[in-house]
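The values are calculated or read from the model by the stated rules, or taken from the named source; none is laboratory data. What you are looking at is a predicted structure, and each value in this text was computed from that prediction instead of being measured. A quick note on method: Cβ atoms are made from the backbone with ideal geometry, for glycine too, and the neighbour counts reach across all protein chains shown. Heavy atoms of the whole protein, side chains included, go into the accessibility calculation; ligands, DNA and RNA do not. Shrake-Rupley method; radii C 1.70, N 1.55, O 1.52, S 1.80 Å.
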Amino acid sequence: MDYKALVQQTAQEILGYYQDISGWKVVKTSKKITVSSKASKKFHGNLYRVEGIIPESTSKLSDFLYKPENRVTWDKSLKMYSMVQKIDSDTFICHTITQSFAMGSISPRDFIDLVYLKHCEGNMDIISSTSVDFPAYPPSSNYIRGCNHACGSVCSPLQENPAYSKLVMFVQTEMRGKLAPSIIEATMPSNLVSFLLNVKDGVKHKIPSGRGCHHNGHSS
């Protein structure tokens with residue numbers, strides 16, 4: 001698989017979502033975070049847009065979001081986050097296992113994603129992620145293998161205060177299994193608000209890199 005071509009394509013899709021201002025429906029606002037959605041063109045489900053202000057510079061925020069080290073220490077939705085192959089300094093493949101959520105009605109999923117950091121003009125960074133097939137990590141009977149269609153974050157300096165960043169995230173996750181779409185639609189907005197709050201909290205209490213990192217698909 002041509003990973004470099006795929007990451008460029010995915011980053012371009014995320015930029016397209018970012019620039020698209022039509023058809024979004026606000027589904028939740030909480031603690032200065034806004035969640036909007038529209039029908040995904042990738043699967044029978046929703047594309048979600050999550051927006052908030054993070055009290056950190058864009059370069060530090062994108063570095064914090066991109067690097068796999070310590071992801072599980074601040075992202076409470078994950079049971080494990082493991083880099084399984086480094087492509088280059090801006091690209092890697094990760095194996096993720098989620099916690100159960102929606103009061104246990106949605107069981108843990110696992111994902112194999114290709115993650116990429118792209119620096120753009122105007123100090124804007126795009127962190128893109130999309131699911132790929134990776135033979136070294138086939139689906140197991142322990143977890144339902146989900147699929148992340150083009151997902152990502154756009155970090156840019158806040159115009160009125162460049163020491164802060166505007167963070168806009170896009171999520172279109174196909175959970176698979178036998179879940180009713182209504183369960184996902186009812187729980188996803190709150191989960192996305194929680195994720196952005198975890199980002200804010202994680203940035204505030206940054207942990208030195210090198211601790212809490214998982215490698216080779218084994219959680220401690």
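Report summary: the helix-based calculation at 222 nm, which adds -39500 (n - 2.57) for every DSSP H run with n ≥ 4 and divides by the residues of the chain, gives -8000 deg cm²/dmol. Rolling a 1.4 angstrom probe over the protein heavy atoms with all chains in place gives segment 82-185 an accessible area of 46 Å² per residue.
What ranking do 58-65, 198-205, 19-26, 71-78 get when scored by the average of other Cβ atoms within 10 Å per residue, highest first?
Working: 58-65: 20.0, 198-205: 15.5, 19-26: 10.0, 71-78: 18.2.
For the peptides 58-65, 198-205, 19-26, 71-78, the packing ranking is 58-65, 71-78, 198-205, 19-26.
Taking a threshold of 22 Å on the Cα-Cα distance, which of the pairs Lys28/Lys206; Lys28/Lys76; Lys28/Lys60 fall above it? Violating the 22 Å Cα-Cα cut-off are Lys28/Lys206; Lys28/Lys60. The Rg/Rh ratio for the chain, using Cα coordinates for both the radius of gyration and the Kirkwood hydrodynamic radius, is 0.93. The separation of segment 91-126 from segment 1-75, counted between C-alpha centres, amounts to 10 Å. Round to a whole number: what % of the accessible area of the chain belongs to carbon and sulfur, probe 1.4 Å? Answer for the chain is 52 percent, counting heavy atoms of protein chains only. Label zone of Gln19 (point 7 Å out along Cα→Cβ, amide N under 18 Å): in segment 95-132 this covers 118-128.
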